Amino acid sequence: MRRTPLLAALVLLASPQVRADTVEASSTTFLTVGKDTRFKGGTKPDLVTVAPAFEILSVSARDIQTGFGEVEAVLSTWGSLDLGERRWDSGSDSNFAGDVTTGYLQARMIDRHLLLRVGRSSVPTGIARMIQIDGGYALIDLPAGPIVLKLSGYGGSPTSQRFRDRSGEKSWNPTGGTLAYGARAAAAVPVKGFPGRGLELGAGFNEVLDHSHTAREEVGGDFRLQPLATSDLALAGFGTYSLPDRRVSEASAALSVSATRKLHLTADWRFAEPSLLLSRYSILSVFSASTWNEFGGGVRYAFLRTVTGGFDAHARIEPGLTSGTHTGVDLAFNLDGTFGRTTAGAEVSYLDSVVNGYTGLRVFARRDLGRVFVSGDVLGQFFRKQINGQGGAVTGTLSGGYTLTHGFSAVISGSAGMTPYLEQTFEVMAKLAYNQTYRVQEVR
Amino acid sequence: MNRTLLIAAVLAAAGCSAKIQRPEETRAEPPYVFPHLPHVEGDVACTNCHSSIFGATSLDRNVRHVELITTPSRDKNCKDCHDSDPDIRVPARTSAFRLRFDHKAHLARVKGDCKVCHVKLTEAGDKTASPPPMSACTSCHNHQSDFATARCTPCHVDLKGYLPVNNAFSHQGDWMRVHGQMAKPSAQSCAACHDQTYCAECHAAQTTAALPKVIFPEAVDKSFIHRGDFVSRHQIEASANPASCRTCHGSAFCNACHTVQGVTSSAINVRDPHPKGWATEKGTNHFHGDAARRDILSCAGCHDNGASSTCVGCHQMGGVGGNPHPRAFLRRHDGEEPHNKPMCNICHTHPLP
């Protein structure tokens, strides 16, 4: 709460004699009306109407040149009013809800060797794993001959919806907790050649406390290697080790390469101990030591100038129902392209897990006709085992839009379907959006 | 809290002399008119026409640094090939360059050899420029170092609209699956193009207004992971890839929906979602102990109540549930921990033997 006046002061202090090269502003107003279920007793859930109206506002100003550095200011916020039954995910006990999705001030100083960020943001670097915090982040890079040393750190309070409760198991934040902090040290070795060629090695720690209790305490490392002078072949990976449990909690590696101009290949491996993703203050965290592995790859090929096909296959080794392991598969095939003013595609997916599985079929298309566009999207999924007595689900969405003047556009959308939980479902949405990019602003 | 910040932002914005990006700034340039290839094959020096480039310290609008020889049939460098004088007029360039570049400084470094960077040249009729590939820049250690620290804007005016093809961060292949792994060591590079509002559309599940598929139903070509009837398949997805859900969602998120659907003990009206024999029928494929060992995160979707939970009643020391810890648990947790950790005291009310 005390940070807001500070942020506001920084916004105003930064204002005199500054110039932002790019200012983007957007506003999205929309209303959706649809059906959902609520269990209020009896033998089956009741059908209710959910009709939230939203207003989403975003303003971002980049490359603001000031006397002390280059500043970026970002604010993305929303408000909503439930006109029917309250949404289950509004995070509010009132029909009104709202939040700041992202809001920060960022400055790059000292010839851009130092980056400072304060506000609500995520920390994507290293083993922090996109933790969203209300706090600060700092990064300094120090050129040292052929290498660049990078030191970064963050600290703050893990974000929770509408500030309701930041404590572990009550928080909507995956890590929970009331205080999070961490740091990373890395060495980058840029090598002459293809853009990005070189090696970056990082090591770091993160700690999340739920009041005085440890929610997460990890050390780990990450790397990225791009070895070749004439290819984008890149290999990246990371691993984390839970100190309280003395076990590897997560690890992954990925390889990406453009074999030819038309052919792109990926391969990846992931490992996780799901119980270590829980707060260390959750008693459930000491009930399991199961491991989960996934490995596979994908291929994308550009058949024609605007048509691309892809196939991805992954195997998953997960614990079996009672003992041993189960090897499941995850397959996906897709084909999409642009034909004049039409974009169209089709996807087939197959997922087999120990508890259930499904086959998914999807087709979509969008046609632009000057200021008008129409789009359609149909997805069917067929379950290996019935869910709620049903073997499948089909949903479809039809949208139409019109580009108005001065950056405004309007969209009307309707969805319908048959699912295991809703024999018939309908949803309509009306949206008015404003998107505008301003350049070379004079801000006083 | 947010009102102050909003007012400050509005005050700052009120001072803007806003200019919307003008359409003419992005309009196409006229096609190129000069046939470079025969001149390169004829080993004609670039400086015959581009002599002023040696003094150029910036890329300026309206300036091409070209001065074609109007009567090549009489010029000593051209007359061996040219019998006549073709009428070629280079149209003025009107668009602003999106790069900052000092030819004067760079030509000194490459000893005047333009081909070090300009590996492909435009030909008559070409509608787009053939600038040097970025690998020409990163063949110098200094610029590769700039790339590694995402110092793009000294050279790039902005990166808006650039597609990251044919470079280290090509968003090709199964990019949705591998982007996180690629971003962890290189988040600075991602931030060069994407501010965090972009990431937050998917990654800020606890503060965002609604799912992307709800806000953007018309964006049919985007890879939204919750498309279609996700409610029905969420248990399959969560079981198949528990770490993926936990990237964005905590236990309370799951429990919020399970509460209104009456399938969690915290609901006012409860319907038991577990199969018959869940509590006691050990050795079957629907025994809760095996399920918890296999997929504890699914349990957490309803029963993650911190140190105290519904499990404690049976599984505390001396309880009918027996020892719930996995094998090798004691190897990693010494006997002193119950004395030091309040969570352990919930079950271990007495010193361990």
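The values are calculated or read from the model by the stated rules, or taken from the named source; none is laboratory data. Note that the structure is a prediction, hence the values are computed from the model and not measured. A quick note on method: Cβ atoms are made from the backbone with ideal geometry, for glycine too, and the neighbour counts reach across all protein chains shown. Note: accessible area is taken over every heavy atom of the protein model, side chains too, but ligands, DNA and RNA are not part of it. Shrake-Rupley method; radii C 1.70, N 1.55, O 1.52, S 1.80 Å.
Summary table below
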quantity: Solvent-accessible area of A:T359 with every protein chain in place, 1.4 Å probe, in Å² to the nearest 10; calculated: 50
quantity: Whole-number percent relative contact order across region A:324-382, with pairs defined as alpha carbons under 8 Å at least 6 apart; calculated: 27
quantity: Dipole of chain A [Lys/Arg +1, Asp/Glu -1 at C-beta], most positive-end residue of A:P319, A:V208, A:S231; calculated: A:S231
quantity: Within straight-line cross-link reach of B:K111, lysines at Cα separation under 29 Å, skipping those fewer than 8 residues along the same chain; calculated: A:K192, B:K76, B:K79, B:K120
quantity: Packing rank of A:115-125, B:327-337, where each peptide gets the mean count of other beta carbons within 10 Å, highest leading; calculated: A:115-125, B:327-337
quantity: Long-range tail of P(r) for chain B (Cα pairs > 26 Å, %); calculated: 71
quantity: Neighbour-limited loop hits for trypsin sites (Lys or Arg not before Pro), region A:234-307 (at most 16 other Cβ within 10 Å; DSSP other than H, G, I, E, B); calculated: A:R246, A:R261, A:K262, A:R305
quantity: Debye, to nearest 20: dipole size of chain A, +1 on Lys, Arg Cβ, -1 on Asp, Glu Cβ; calculated: 580
quantity: DSSP-loop chymotrypsin sites (Phe, Trp or Tyr not before Pro) across region B:249-318, with at most 16 other Cβ within 10 angstrom; calculated: B:W278
quantity: Pairwise FRET efficiency - A:D111 versus B:R109, Cβ, R0 = 25 Å, nearest 0.05; calculated: 0.75
quantity: Residue of B:V33, B:V116, B:V320 that the Gaussian network model of chain B assigns the largest fluctuation, springs spanning Cα pairs under 10 Å; calculated: B:V320
quantity: Value of D in µm² per second that Stokes-Einstein yields for region B:257-353, Kirkwood Rh from Cα pairs, at 20 °C (1.002 mPa s); calculated: 142
quantity: Computed magnitude of the charge dipole of region B:54-156 (debye, nearest 20; Cβ of K, R +1, Cβ of D, E -1); calculated: 380
quantity: Surface accessible to a 1.4 Å probe, A:H211 within the full protein complex, Å²; calculated: 120
quantity: Principal axis dimensions, region A:112-262 - Cα atoms, whole angstrom, descending; calculated: 51, 32, 32
quantity: Chain A - percent relative contact order, Cα under 8 Å, separation 6 or more; calculated: 11
quantity: Structure-based [θ]222 nm, the protein assembly as shown - -39500 (n - 2.57) summed over DSSP H runs of at least 4, per residue, nearest 500; calculated: -4500 deg cm²/dmol
quantity: Whole-angstrom Cα spans of the protein assembly as shown along principal axes, big to small; calculated: 106, 55, 52
quantity: Efficiency of FRET between A:K385 and B:N142 - r from beta-carbon atoms, R0 60 angstrom, step 0.05; calculated: 0.50
quantity: Shape call, region B:178-244: gyration tensor on alpha carbons, a/c limit 1.5; calculated: oblate
quantity: Cα-based reach from B:K341 at 23 Å (exclusive), listing lysines while leaving out same-chain residues under 8 positions away; calculated: A:K170
quantity: Isotropic mean projected area of the C-alpha convex hull, chain A (nm²); calculated: 25.4
quantity: Of the chymotrypsin sites (Phe, Trp or Tyr not before Pro) in region A:31-84, those whose Cβ has at most 12 other Cβ within 10 Å and which sit in DSSP loop; calculated: A:F68
quantity: Whichever lysines have a C-alpha closer than 20 Å to that of A:K44, once near sequence neighbours (fewer than 8 apart) are set aside; calculated: A:K35, B:K276
quantity: Of B:M343, B:M134, B:M176, the one that fluctuates the most in a GNM where chain B has Cα springs shorter than 10 Å; calculated: B:M343
